[in-house]
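Report on the structure given below.
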């Protein structure tokens, strides 16, 4: 994996451990909030934190998708979790959340949470000013916009596709009003993270989608042989002894961030290190204008 991904994973691991320790020293259970735009990887990261929590008492997970009262309910859900869940939980009082039944379009049952277990809440709207003040760890996830939309639509299908513009409008309004990214104690760009890919791996400290064994796993060298990244290299981790068949790389071309896909090709060994050539997959990548095309505009 690249050094930036490794560094971010270690930062996340350290932040979780520190938040848990600080809360324990204060005689309470920690609150972790995960926010970011749709498709950034919030749900996958929350699942990984739950499965590899650094203490014996596992956290309870609340997903904002279960709380929003319909497609226009981002602000209402953000306020509801502060009033009904986060504030009373921090005060040691009875806390919970009201589930929204998306099938019938109406409120469903009340769900109480335990005061004796840590709490993770993930979803758009968690890091409002009021909510973030109640968190022991506030995480904001960034990811490439085109990749996010692909993830979100692949996950939720046509139901989300028909509401994407409305949801984005409401989310952007929330961001301008609440400044959730600035409220975060840790900001992570997870565009190239393997979130949701290896959640089933049984190993210790699988924080950030990478286990201890993966953080120290054998690496190989990526050689980009053509396309926008031609002539550059990167380091990645061998997963189960295998290279990645495809790599999505974000790069700035003339000041514009773009997502480029590369496919694995020829492999060779040099001085005990594995080198793999990756070839540009233009049809699946963002368009790249040549100098000649730009000059003709």
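So the values come out like this:
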item: Lone qualifier among 289, 223 - being modelled with pLDDT under 80, over 27 Å from residue 44 (Cα atoms) and not assigned by TED's automatic domain parsing to the domain that holds residue 49; result: 289
item: Among the candidates 58, 118, residue that is assigned by TED's automatic domain parsing to the domain that holds residue 181 and surrounded by 20 or more Cβ atoms within 10 Å (Cβ to Cβ); result: 118
item: Output for the range 88-124, where each listed residue is under 27 Å from the mean Cα position of the chain (by Cα), at pLDDT 95 or above and over 17 Å from residue 61 (Cα atoms); result: 101
item: Where residue 14 falls short, out of the listed (1) more than 30 Å from residue 172 (Cβ to Cβ); (2) in contact with a strand residue (DSSP E or B) (Cβ under 8 Å, 6 or more places away or on another chain); result: (2)
item: Close pairs (9 angstrom Cβ cut-off, 6 or more residues apart or separate chains): on the phi > 0 side of the Ramachandran plot and without any contact (Cβ under 8 Å) to a residue 40 or more places away in the chain in the range 34-59, part of a loop (DSSP other than H, G, I, E, B) and surrounded by fewer than 21 Cβ atoms within 10 Å (Cβ to Cβ) anywhere; result: none
item: Pick from the range 125-153, criterion part of a loop (DSSP other than H, G, I, E, B) and modelled with pLDDT under 95, ranking: nearest to residue 36 (Cα to Cα); result: 143
item: Conditions (1) at pLDDT 90 or above; (2) in contact with a helix residue (DSSP H, G or I) (Cβ under 8 Å, 6 or more places away or on another chain); (3) not in a loop (DSSP other than H, G, I, E, B): number failed by residue 177; result: (2)
item: Members of the range 62-117 found to be touching a residue at least 60 places away in the same chain (Cβ under 8 Å) and assigned to a strand (DSSP E or B), listed by number; result: 62, 63
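The values are calculated or read from the model by the stated rules, or taken from the named source; none is laboratory data. Note that the coordinates shown come from a computational prediction; the quantities given were computed from them, not determined experimentally. Cβ atoms come from the backbone with ideal geometry, glycine included; neighbour counts cover every protein chain shown.
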